[in-house]
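The values are calculated or read from the model by the stated rules, or taken from the named source; none is laboratory data. Being a predicted model, the structure only gives us computed values, none of them experimental. Methodologically, a virtual Cβ is constructed for each residue, glycine included, from the backbone with ideal geometry; neighbour enumeration extends over all protein chains shown. Side chains included, ligands, DNA and RNA excluded: accessible areas come from the protein's heavy atoms. Shrake-Rupley method; radii C 1.70, N 1.55, O 1.52, S 1.80 Å.
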Amino acid sequence: VQLQASGGGLVQAGGSLRLSCAASGRTFSTYRMGWFRQALGKEREFVAAISRTGINTLYADSVKGRFTISRDNAKSTVYLQMNSLKPEDTAVYYCAADEGLWPLRSENEYDFWGQGTQVTVSS
C-alpha cells in the first residue's frame with residue numbers, strides 16, 4: 001500500500017489542523033493505521049492509532065483529549081484532527097499502515113509509511 005500524508009502547515013498555539021493520509025494500492029479496510037511524529041533532534045513517537053473498522057482507537061497521553069484519529073474506508077483515508085495545538089506538537093507527522101485488526105503503539109509493527117508532513121506550531 002502507498003501512503004500520502006497532507007495537511008500540515010504553520011499554525012498559532014491554540015489553533016487546529018487536520019492531517020489526511022490517502023492510501024492506494026490495496027484494500028484500505030484491511031489495514032490498521034497509525035500516526036507518528038518526529039520532532040527535530042528527537043526520536044519518532046507514537047501519536048494515535050485506529051483499528052481497521054475505526055471502532056477502536058489509541059492515543060498518546062500527550063495528545064489525548066486534543067487529537068482525534070478517524071478513517072473513511074470508502075475514501076481510503078485516515079485523518080488526524082488536531083485541536084488546541086501547542087508548540088511542543090511541532091514535528092513531522094507520518095502515517096503508517098499494517099495488516100491487522102487492532103490499533104498498535106509500536107512503530108516496529110507497521111510495515112508501510114508515508115512521506116511525512118510538517119506541522120509547526122508557533123507560540
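Every condition in (1) at pLDDT 95 or above; (2) open to solvent by less than 30 Å² (accessible area, probe 1.4 Å); (3) not charged (D, E, K, R) is met by Gly100 except one, and the failing one is (1). Counting only residues that are crowded, with 21+ Cβ neighbours inside 10 Å and of a type in the set (Asp, Glu), how many does region 64-97 have? Qualifying residue count for the region: 1.
Condition check: assigned to a loop (DSSP other than H, G, I, E, B), of a type in the set (A, V, I, L, M), farther than 17 Å from Val121 by Cβ and within 15 Å of the chain's Cα centre (by Cα). Does Leu104 satisfy that? For Leu104, the condition - assigned to a loop (DSSP other than H, G, I, E, B), of a type in the set (A, V, I, L, M), farther than 17 Å from Val121 by Cβ and within 15 Å of the chain's Cα centre (by Cα) - is met. Report whether or not Ala48 is without any contact (Cβ under 8 Å) to a residue 24 or more places away in the chain and of a type outside the set (Phe, Trp, Tyr). Answer is no for this residue. Within region 3-30, residues that are under 18 Å from Trp113 (Cα atoms) and touching a residue at least 24 places away in the same chain (Cβ under 8 Å) sit with their Cβ atoms under 8 Å from residues that are among the small types (Gly, Ala, Ser) and exposed (fewer than 14 other Cβ atoms within 10 Å of the Cβ), at 6+ positions apart or across chains, in these pairs: Gln4/Ser24. Every condition in (1) within 22 Å of Tyr110 (Cα to Cα); (2) open to solvent by less than 40 Å² (accessible area, probe 1.4 Å); (3) of a type outside the set (Asp, Glu); (4) modelled with pLDDT of 95 or more holds for Gly9 except the one numbered (1). Every condition in (1) in contact with a Pro (Cβ under 6 Å, 6 or more places away or on another chain); (2) basic (Lys, Arg); (3) open to solvent by 60 Å² or more (accessible area, probe 1.4 Å) is met by Arg52 except one, and the failing one is (1).
Taking the conditions (1) farther than 17 Å from Gln2 by Cβ; (2) open to solvent by less than 70 Å² (accessible area, probe 1.4 Å); (3) hydroxyl-bearing (Ser, Thr, Tyr) in turn, Ser123 satisfies each one other than (2).
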